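See below for the structure under consideration.
Derivation of every value follows stated rules applied to the coordinates shown; laboratory data play no part. On a predicted model such as this, the values are computed, not experimentally measured, just so you know. As a convention, Cβ positions derive from the backbone with ideal geometry for all residues, glycine included, and neighbour counts pool all protein chains shown.
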Amino acid sequence: MVETLEQFLPHPLLALFIHAALPMVIVFPYVLFAVWLERKVSAHMQDRLGPMRTGGWHGWSQTIADMIKMIQKEDIVPSRSDKFLFKFAPFLAFMGSYAAFAVIPFSSEYIGAHLDVGAFYILAVTSIVTLSILMAGWASNNKWSLLGAMRTSAQIVSYEIPTVVAVLSVIVATGTLNLMTISEMQSGTIFNWLIFHSPFLFIAFVLYFISSLAEVNRTPFDLPESESELVGGFHTEYSGMRWGMFMLTEYADMFLVSLLGSVLFFGGWNSPFGDFMSGPIWGVFWMISKGMFFIFVMMWLRWTLPRLRVDQLMDVCWKYLIPFAFVNLVLVALWEMIF
Amino acid sequence: MDLYVLFFYFFALLTVISAFVVVFARNIVHAAFALMFTFFGVAALYVLLYADFVAVTQLLVYVGGILVLIIFGVMLTTRMFSVEMKTGTLNILPATIFTAILAGILIFVFSVTDWGVVPDQEFDTTVYGIGTLLVNEFILPMQVAGVLLLVAMIGAVMMAARERSKSQSK
């Protein structure tokens with residue numbers, strides 16, 4: 001892909017830059033769409049209509065209008081805050097989130113960086129988002145922000161363990177950390193997807209999905225910004241586009257864990273019908289559709305389940321998810337040895 | 001200029017400058033956050049040395065684990081109890097002597113070492129090699145490291161459990 005770009009462009013650095021910016025072309029429209037979808041899904045689940053006026057058809061341009069409004073807003077920085085860290089945190093958050101998209105194979109022809117340690121890299125680089133949330137919470141000089149940031153770091157550090165072990169189950173079954181190779185191994189029909197590989201990988205997927213919800217702070221694990229207790233959590237003091245950057249990161253993170261889940265368990269860019277509707281362009285279509293499906297499930301859960309309490313959150317992780325994940329990992333390995 | 005060289009100088013500067021900030025920042029939280037860039041720069045240098053697995057491990061262990069814990073601890077001590085923690089200059093004489101000795105040793109090692117420069121080679125997979133070595137040749141060190149971590153974990157749980165039973169008995 002980079003080589004093709006280099007043939008048309010005057011400088012290799014420019015080709016690299018464009019190659020690196022390609023996921024942005026997917027992520028930005030996706031975020032605008034997902035925020036609108038979240039409003040629509042929540043509205044319909046509560047027997048409302050949601051945004052209906054902006055743009056005509058079902059308020060489709062509501063989030064575009066919101067984004068333009070946010071850019072115009074005054075940039076408010078609290079006077080007793082740590083100015084530099086306060087201003088820097090939103091950008092660091094999106095940087096950490098976007099860096100992980102580098103190893104997502106969007107199609108059989110496009111992957112940002114062909115890393116052999118892709119799955120491992122994603123788990124490592126997303127920890128920058130945790131740091132940026134801590135930075136934002138501390139720099140705001142606000143009790144609610146700090147409490148929200150504390151909860152985030154405790155939550156993400158804990159739930160990282162079941163996530164890693166669930167991903168490791170897939171690695172044990174496939175024998176590679178390269179996400180492109182994992183996608184290629186699942187080509188063929190729907191029954192070649194890893195979710196149907198063994199019953200224990202199905203359990204691994206359930207564990208992955210639950211703990212990834214906690215990793216991206218979605219309900220029922222959205223304690224870092226629980227409105228009823230902490231006003232807005234770590235981004236209480238943020239407004240305008242800086243707040244918008246945190247929103248962008250949150251939605252990009254949701255997309256990231258959904259895409260990773262579909263690569264690891266649901267065949268990535270492979271078509272479910274074998275050779276029908278498959279190819280590099282269809283690959284992008286399938287990848288995004290699979291990602292959007294899990295995004296929809298996340299929204300569905302958000303308006304269905306109540307939020308957990310802090311101690312329950314830790315109980316779920318340490319007493320249930322982690323033991324289950326480790327036993328399941330051993331069973332996956334045994335299955336691979338026997339069959 | 002060669003892209004490789006450009007990237008090397010960028011990340012080398014990032015590492016060194018942020019390391020200076022870690023040492024000279026008066027605000028301890030600023031120092032902790034600057035440490036993130038140091039770790040990140042070191043990881044990038046590993047990538048430039050074709051050690052992808054080590055680079056990602058560096059990110060996961062230092063940025064994702066250790067740094068989050070450091071900042072967690074630092075945040076609990078400052079601001080929350082409105083005590084500004086500043087680093088002061090203490091023990092100038094012993095510090096100077098030890099730093100001079102350490103710098104001497106480092107410069108000595110730096111000048112004695114035979115810096116074998118590997119010519120540009122294709123990016124090769126390192127994961128399989130590391131994995132095979134870990135479970136064959138270096139199985140004992142790996143197991144010992146695992147036991148060490150287990151002991152540390154049990155120790156932490158013991159300490160936490162003892163404090164809990166004390167507070168319950170009150």
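Annotations for the structure displayed:
- Cα gyration tensor, the protein assembly as shown - rounded (a/c under 1.5), prolate or oblate: rounded
- Its alpha carbons give region A:273-339 an Rg and a Dmax of 18.6, 49 Å.
- Listed values for region B:52-60 are Karplus-derived 3J(HN,Hα) couplings in whole Hz (6.51 cos²θ - 1.76 cosθ + 1.60, θ = phi - 60°), namely 5, 5, 5, 4, 5, 4, 4, 4, 5, and x replaces Gly and Pro.
- Convex hull of region A:177-299 built on C-alpha atoms - directionally averaged projected area, nm²: 8.9
- The phi-based Karplus calculation (6.51 cos²θ - 1.76 cosθ + 1.60; θ = phi - 60°) puts the 3J(HN,Hα) values of region A:190-205 at 4, 7, 7, 5, 5, 4, 9, 5, 7, x, 6, 6, 5, 4, 4, 5 Hz, whole numbers, x for Gly and Pro.
- Over chain A: helical MRE at 222 nm, DSSP H runs n ≥ 4 each giving -39500 (n - 2.57), nearest 500: -22000 deg cm²/dmol
- Each part reduced to its alpha carbon centroid, region A:18-50 and region A:156-234 end up 21 Å apart.
- Per-residue shielding of B:56-68, expressed as the average number of other chain Cβ atoms within 10 Å of the residue Cβ, stands at 6.
- In order along region B:3-13, the Karplus-derived 3J(HN,Hα) couplings, from 6.51 cos²θ - 1.76 cosθ + 1.60 at θ = phi - 60°, round to 4, 4, 5, 4, 5, 4, 5, 4, 6, 5, 5 Hz, and Gly and Pro are given as x.
- Percent of Cα-Cα distances greater than 20 Å, calculated over region A:11-154: 65
- Restriction of the chymotrypsin sites (Phe, Trp or Tyr not before Pro) in region A:183-277 to DSSP coil positions whose beta-carbon has at most 12 other beta-carbons within 10 angstrom yields A:F276.
- Average beta carbon contacts from partner chains per residue of A:138-150, 10 Å cutoff: 2
- Annotated for the protein assembly as shown: lysine pairs at least 8 residues apart or interchain, Cα distance under 22 Å, count 9.
- Debye log10 I(q)/I(0) for region A:73-338, one point scatterer per Cα, at q = 0.09, 0.10, 0.11, 0.12 Å⁻¹: -0.42, -0.52, -0.62, -0.73
- Relative contact order [Cα under 8 Å, 6+ residues apart], region B:1-87, whole percent: 29
- Sorting A:64-74, A:138-148, A:122-132 by their mean Cβ neighbour count within 10 Å, with the most densely packed peptide first, gives A:122-132, A:138-148, A:64-74.
- Residue-averaged beta-carbon neighbours from other chains (10 angstrom radius) around A:127-137: 4
- Rg/Rg_globular for region A:129-171, with Rg_globular taken as 2.2 N^0.38 Å and Rg from C-alpha atoms: 1.45
- Chain A: relative contact order as a whole-number percent, Cα under 8 Å and 6+ apart: 22
- Volume in Å³ per residue [convex hull over Cα atoms, computed for region B:1-87]: 76
- Between region A:90-151 and region A:235-296, the alpha-carbon centres lie 15 Å apart.
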